[in-house]
1. Output the relative contact order of the chain, whole-number percent, from Cα pairs under 8 angstrom with separation of 6+ residues.
2. Let me check I have the definition right: for the chain, take the eigenvalues of the Cα gyration tensor, multiply each by 5, take square roots. What are those semi-axes in whole Å, largest first?
3. For the chain, what is the accessible area per residue in Å² when the probe is 1.4 Å?
4. Could you look at the chain and say what percent of its accessible area is carbon and sulfur, using a 1.4 Å probe and all protein chains?
Amino acid sequence: MFFSRKGDNCALGRKMTWTILKNACAALGVKENVGTHTLRKTWGYWAWKSGVPLPIIMEVLNHSSLSVTKRYLGITQDEINDAYIGLNL
């Protein structure tokens, strides 16, 4: 998503990524406080909504347990129940 000027496959630092993101939000008129952590959390949430299994998301986010991942993503018991109901088994 963010490329370094140092060459291919060079990591872009957190601070520069934050600066690019803040400038992009300002240019688009986004008033909310958006940072690099917002991207991480949003990725996890939309991965879950797209059907990626929680254990995989847990690994990618480097969480210690599924309960941490569920709390991090804001997954409630009602949403889990809706997922079961939606399967029509």
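The values are calculated or read from the model by the stated rules, or taken from the named source; none is laboratory data. Everything numeric in this text was worked out from a predicted model, so none of it was measured. With ligands, DNA and RNA removed, areas are computed over all heavy atoms of the protein, side chains included. Shrake-Rupley method; radii C 1.70, N 1.55, O 1.52, S 1.80 Å.
1. RCO, the chain: 15 percent.
2. Over the Cα atoms of the chain, the semi-axes work out to 31, 16, 12 Å.
3. Counting only protein heavy atoms, the per-residue value for the chain is 80 Å².
4. Roughly 58 percent, rounded to a whole number.
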